[in-house]
1. Given labels modelled 7 Å from the Cα in the Cβ direction, how far is it in nm from THR104 to ALA36?
2. Between 0 and 90 degrees, rounded to the nearest ten: what's the tilt of helix 64-82 against the longest Cα principal axis of the chain?
3. Just to check, using Stokes-Einstein with a Kirkwood Rh over alpha carbon pairs, what's the diffusion coefficient of the chain at 25 °C and 0.890 mPa s in µm²/s?
4. For the chain, what is the mean residue ellipticity at 222 nm derived from helices alone (per DSSP H run of n ≥ 4: -39500 (n - 2.57); sum divided by total residues; nearest 500 deg cm²/dmol)?
5. Can you give the Rg and Dmax of segment 36-89 based on its C-alpha atoms, in angstrom?
Amino acid sequence: MAYLVRSYTELCWVPDGVAGAALGQNQANSPGFGSALNPGSIPNAQVLRLQVAEPVPGGDSPTQANFNTAFVAIAADLNTLIATPGAFSGGTQTPLAIAQGWSTGNP
């Protein structure tokens, strides 16, 4: 294996009605939105981070398709993790249930 793709995916909550009230700036820890890296809404304080990694096939000369294979695998990993009890906090809740609680005031 010559290349690895690591993903740090954060689930954030933006309160209803404030989506355009404050726009973030393109910074190392807060990139823009979409492939054009446009500024977007600043989320609330609650953030849940899921971390996964996948090898990139293709050895020392991977193609874009090889990287796409790793990205698709990361998306599958995240899809599994978000519905796995204890995947974030080690407790009994799924990451999805934790994030869904933010809109009702849960930490």
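1. 3.8 nm
2. Relative to the chain, helix 64-82 is tipped by roughly 40 degrees.
3. On the way: Rh = 15.8 Å.
For the chosen part, D equals 155 µm²/s.
4. Values: 2 runs with 25 residues, N = 107.
Value at 222 nm, helices only: -7500 deg cm²/dmol.
5. 15.0, 41
Coordinate-derived values only; no laboratory data. Remember, it's a predicted structure, so these values are computed and weren't measured experimentally. Please note: Cβ atoms are built from the backbone with ideal geometry, for glycine as well, and neighbour counts cover all protein chains shown.
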